[in-house]
Amino acid sequence: MNCRKFSNSYKFFNLFALLIFSQVAFFSCAKKNQEINSEEIIEAKSIGDHKWFALSKNGFSEVSLPQNADAAIKRPWTEAVRISFMAQGEDNVLVSQTTEDKSPRIYALVNRLGLLSFSEKTITLFDDETVFENQTADNIVFMNNTPIFSIYKNYFFNKTIEESQLASQEKKSSPSDVRKKYRAFLIEFDTESGIFYPLLSCENLGLSDQSEITDYFWNGNQWLCSIKTSLPEKTEFSYIKFKPDTALLSISPEKATITAMPSTESEFRSAQKPQDFSGAPERVKRLLASLPETFNFYAEVKKAGGCSPENYFHGTNEDSAPNLPLATVQLSESWVACLFQDGTMYLSGALYGRKILKNGKTIALRLPRLPDGYLYTDFGLSGGTLYAAWEETSFFKTGRAGFITVELGKLLYGEQDAK
């Protein structure tokens with residue numbers, strides 16, 4: 001089970017449990033490890049430390065508070081304008097020959113809108129209607145420092161599918177432009193030009209017109225895909241796997257020849273199933289070592305410039321799911337950080353281009369409190385700037401959504417002009 005998918009699909013997170021967690025994390029941990037206690041929590045409070053931004057179909061704009069953003073109709077999370085996935089680029093990777101800003105990039109997929117590129121000093125939105133309009137965008141991985149993500153349509157909620165199929169049937173002599181849009185599977189984002197390129201289509205993998213790849217897992221070698229086939233009488237799920245003979249970045253849907261093999265639900269779920277926290281990367285375990293062993297939560301670990309995230313379970317009673325707290329961990333070359341959905345954050349290491357904080361000890365931070373019904377969902381760090389996604393949630397639906405920027409250079413290093 002993919003923890004992030006679990007959260008997005010069902011929105012079962014218990015806010016009361018989250019408040020209990022906040023007390024456990026900051027006070028129970030203090031008793032066990034005096035290096036982290038309530039006096040050492042760093043809070044982002046002043047207006048100069050952070051800024052709020054809201055998303056809409058027209059882009060993003062600064063707001064005073066999340067609840068003060070323009071009201072948004074609550075839609076299923078696959079259809080809403082929201083940050084669906086954030087991925088951390090590697091340090092010391094030159095994004096473009098035309099920029100002097102060498103701070104690491106964070107890439108945030110904004111469902112139904114485009115892709116945000118965050119650096120320490122800039123926020124840039126790249127959009128393309130042929131890729132993002134009426135389609136769900138999710139799951140960023142990297143190949144040779146190039147972001148790749150998937151798109152698909154949700155047959156249950158997306159009403160444009162029937163229209164697209166009718167248009168395709170009316171133009172049997174020539175492919176429908178509408179059909180071409182929603183049949184893509186993997187998309188490459190060229191960081192130099194800011195252009196999106198299709199890499200693989202559903203047709204390349206032998207899928208029927210009624211089938212979409214709604215999820216995938218890539219371990220750096222093999223791709224595992226979950227396929228949803230929507231028929232008039234029923235919905236079917238199947239699974240495939242493949243290993244491209246040539247580098248994906250060198251092919252296109254017109255030229256791709258992929259041999260997909262049948263897989264099973266067991267094989268796919270096994271790749272995404274949360275493993276015991278004892279198997280997590282050592283730096284992640286050290287970061288959260290002060291948390292009580294009995295504290296139950298899921299952690300999704302993303303490696304900068306890496307493959308699909310790895311999922312872990314921390315605690316002693318996984319049967320208490322789905323009301324467990326969820327955390328996102330970003331693992332970079334010089335730092336590691338963990339963000340829970342209430343804004344509780346742990347950080348250790350050195351921010352890009354800066355010295356190591358507190359000799360590598362874990363630092364506890366608390367992001368500004370969100371109103372009831374709102375959650376932090378993902379994050380990334382570029383230089384001294386933290387970017388964290390937030391959204392208004394109601395079961396499986398999302399209303400307002402956006403992100404916050406926090407000047408960690410000011411909070412942690414005393415910098416006056418971090419951005």
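Before we move on, is ILE187 open to solvent by 10 Å² or more (accessible area, probe 1.4 Å), at pLDDT 60 or above and closer than 30 Å to ALA87 by Cβ? No, not satisfied.
Note on the range 362-376: residues that are more than 18 Å from LYS51 (Cβ to Cβ) and surrounded by 15 or more Cβ atoms within 10 Å (Cβ to Cβ) amount to 4. If the condition is being hydroxyl-bearing (Ser, Thr, Tyr) and either closer than 13 Å to PRO281 by Cα or in a strand (DSSP E or B) (or both), then the range 296-321 contributes TYR298, TYR312.
Here the range 304-336 is the region considered, the condition is being among the charged types (D, E, K, R) and surrounded by fewer than 22 Cβ atoms within 10 Å (Cβ to Cβ), and the residue that is farthest from ASN139 (Cα to Cα) is ASP319. If I filter the range 350-357 for residues that are of a type in the set (A, V, I, L, M, F, W, C), surrounded by fewer than 24 Cβ atoms within 10 Å (Cβ to Cβ) and under 20 Å from PHE297 (Cα atoms), do I get at least one hit? The answer is no, given that none of the residues of the range 350-357 is of a type in the set (A, V, I, L, M, F, W, C), surrounded by fewer than 24 Cβ atoms within 10 Å (Cβ to Cβ) and under 20 Å from PHE297 (Cα atoms). On the stretch given as the range 125-139, residues that are open to solvent by less than 40 Å² (accessible area, probe 1.4 Å) and in a strand (DSSP E or B) total 4. Considering the range 266-298, the residues that are among the small types (Gly, Ala, Ser) and open to solvent by less than 30 Å² (accessible area, probe 1.4 Å) include one that is nearest to LYS361 (Cα to Cα), namely SER290. Please determine, by comparing only the residues of the range 348-368 that are in a strand (DSSP E or B) and touching a Ser or Thr at 6+ places or on another chain (Cβ under 7 Å), which one is nearest to THR405 (Cα to Cα). Step by step, filter the range 348-368, then rank; the result is ARG366.
The values are calculated or read from the model by the stated rules, or taken from the named source; none is laboratory data. Computed from a prediction, not measured in an experiment: that's the story for all the values here. With ideal geometry, Cβ positions are generated from the backbone for all residues, glycine too; neighbour counts draw on all protein chains shown. With ligands, DNA and RNA removed, areas are computed over all heavy atoms of the protein, side chains included. Shrake-Rupley method; radii C 1.70, N 1.55, O 1.52, S 1.80 Å.
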